[in-house]
Amino acid sequence: MLGIFDSGFGGLTVLKPIHRRLPNLSTIYLGDNARSPYGTRTHEEIFAFALDGIRELFGRGCPLVIAACNTASAQALRQIQQTILPTEFPDRRVLGVIRPTAEELASMSASGHVGIMATPATVRSEAYVHELRKVRPNIVVAQVACPGLVDLIESGREASPEAASLAKIYCNKLMASDPAVDTVLLGCTHYPLVEPLFRTFLPPTVAIITQGAIVADKLADYLARHPDIASRIDHAESRTYLTTKNGLSVSQLASRFYGSNLRFEQVRMWT
C-alpha cells in the first residue's frame with residue numbers, strides 16, 4: 001500500500017487527487033489529529049511526531065510514504081531521509097510535497113515574484129525559498145505565516161468570520177510586502193478549504209495554486225520511474241483511514257476535506 005501521512009485532515013486534499021489520478025492504488029492514510037496542528041510546534045516535536053507516523057505506516061507494510069503535511073516536509077523530511085531510512089528502513093522511501101510544488105510554482109509565475117501562505121513552522125524553515133531558488137535562481141519569494149487558520153479549519157470553522165478576518169490580514173500583508181506577486185501558493189494542505197477566502201482578499205490578477213493535483217501527477221511519474229517501488233504497492237483499490245484521535249469524531253469532519261464520507265479507525269498514541 002501507499003502511505004500518506006499528515007498532521008490531521010489536510011492530507012486528504014492530496015489523497016483525493018491521488019485516488020483520482022491512480023484509482024487502483026491501495027492506500028493507507030494516517031492523520032495525527034490528536035497532536036494537530038504542527039505549524040506552531042518546535043522542530044524537535046515535528047520531527048518526532050512525523051517519525052512516529054512514518055514508522056506506523058512502514059509497520060503496516062507501506063514501501064513508500066508521502067509526507068503530505070507541508071510542515072512535516074519542511075521540518076522533518078530531509079532528516080528522516082538522511083538519518084533514519086539508511087539505517088532502519090533502507091528499502092523504504094519517503095517523499096514530501098515541497099519540491100514538486102516549488103517546481104510548479106516557479107514555472108507558473110510570469111513576473112518571477114511569488115507568494116507563500118503557510119504555517120509558521122513552514123515559513124520559519126524557508127524550505128520553499130531554498131527549493132524555489134534551486135529551480136529559478138532569481139525568483140523573488142514573499143512568505144506570510146498564517147497562524148490560527150489550521151485550528152479553525154480542523155474545528156470546522158473555515159467559513160467563520162474569524163477565518164475571514166485572518167485571511168484578509170494575511171493577504172493584505174503579502175501584497176504589501178511585494179505588490180509584484182502574481183502567483184500565490186497555499187502551502188498548507190488544509191488551506192484549500194479556505195481558498196475562497198484567499199480568492200476574495202487577493203487581487204483578481206493573482207493566480208492561486210494548491211498542491212493536490214501537482215503531487216498526484218508527480219507521484220505517478222515517480223512510480224513510472226521506480227518500478228521497484230511501484231511493484232511493491234498493490235492495486236486492489238483498498239482504502240484505509242487511520243487517526244490518533246477518536247475515530248468517530250474525525251470521520252464526521254473528514255468528509256469536508258475529501259468530499260465524501262470516510263470511516264476512520266483510531267490507532268494508539270505513540271508518545
Go through (1) under 19 Å from the mean Cα position of the chain (by Cα); (2) among the basic types (Lys, Arg); (3) under 26 Å from residue 225 (Cβ atoms) for residue 133 and report which single condition fails. (1)
Test result for residue 165, over 23 Å from residue 60 (Cβ atoms) and among the polar types (S, T, N, Q): yes
When the range 33-57 is checked residue by residue, the ones that are closer than 22 Å to residue 263 by Cα and touching a strand residue (DSSP E or B) at 6+ places or on another chain (Cβ under 7 Å) are 33, 53, 54, 56, 57
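If you go through the range 219-230 one residue at a time, do you hit one that is surrounded by 20 or more Cβ atoms within 10 Å (Cβ to Cβ), under 20 Å from residue 68 (Cβ atoms) and assigned by TED's automatic domain parsing to the domain that holds residue 56? Write out each step before concluding.
Residues of the range 219-230 surrounded by 20 or more Cβ atoms within 10 Å (Cβ to Cβ): 219.
Going one step further and asking which of them are under 20 Å from residue 68 (Cβ atoms), we end up with 219.
Among the residues that remain, those that are also assigned by TED's automatic domain parsing to the domain that holds residue 56 are: 219.
Checked against the condition, which is being surrounded by 20 or more Cβ atoms within 10 Å (Cβ to Cβ), under 20 Å from residue 68 (Cβ atoms) and assigned by TED's automatic domain parsing to the domain that holds residue 56, the range 219-230 yields at least one hit.
Working only within the range 147-182, note down all residues that are of a type in the set (A, V, I, L, M), farther than 30 Å from residue 32 by Cα and in a loop (DSSP other than H, G, I, E, B).
Initially, the range 147-182 is screened for residues of a type in the set (A, V, I, L, M), giving 149-150, 152-153, 159, 163-164, 166-167, 169, 174-176, 180-181.
Going one step further and asking which of them are farther than 30 Å from residue 32 by Cα, we end up with 175-176, 180-181.
Result: 180, 181.
For the range 237-271, what are the residues that are farther than 14 Å from residue 153 by Cα and among the charged types (D, E, K, R)?
Applying the first criterion (farther than 14 Å from residue 153 by Cα) to the range 237-271 yields 237-249, 251, 259-271.
Scanning the range 237-271 gives 237, 239, 245, 263, 265, 268.
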Pairs under 6 Å by beta carbon, first residue farther than 9 Å from residue 167 by Cβ in the range 190-208, partner of a type in the set (Val, Ile, Thr) and surrounded by fewer than 22 Cβ atoms within 10 Å (Cβ to Cβ), six or more apart or different chains? 192/210; 207/183
Anything in the range 221-262 that is closer than 21 Å to residue 55 by Cα and assigned to a loop (DSSP other than H, G, I, E, B)? List them, or say none. 231, 232, 233, 234, 238, 244, 245, 246
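For the range 12-69, which positions are touching a Pro at 6+ places or on another chain (Cβ under 7 Å) and in a helix (DSSP H, G or I)? I'd like the intermediate steps shown before the answer.
Step one: filter the range 12-69 for residues touching a Pro at 6+ places or on another chain (Cβ under 7 Å), giving 13, 39-40.
Hit for the range 12-69 is 13, nothing else.
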Options 262, 202, 185, 174; residue that is in contact with a strand residue (DSSP E or B) (Cβ under 9 Å, 6 or more places away or on another chain) and not assigned by TED's automatic domain parsing to the domain that holds residue 106: 262
Matching residues in the range 122-146 - criterion: being touching a Cys at 6+ places or on another chain (Cβ under 9 Å) and either part of a helix (DSSP H, G or I) or not β-branched (Val, Ile, Thr) (or both): 122, 123, 146
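Suppose the filter is part of a helix (DSSP H, G or I) and crowded, with 19+ Cβ neighbours inside 10 Å; does residue 74 pass it?
On the way: part of a helix (DSSP H, G or I): yes; crowded, with 19+ Cβ neighbours inside 10 Å: yes.
When the stated conditions are applied, residue 74 passes them.
The values are calculated or read from the model by the stated rules, or taken from the named source; none is laboratory data. Values in this document were obtained by computation on a predicted structure and should not be read as measured data. Positions of Cβ are generated from backbone atoms using ideal geometry, with glycine treated the same way; all protein chains shown enter the neighbour counts.
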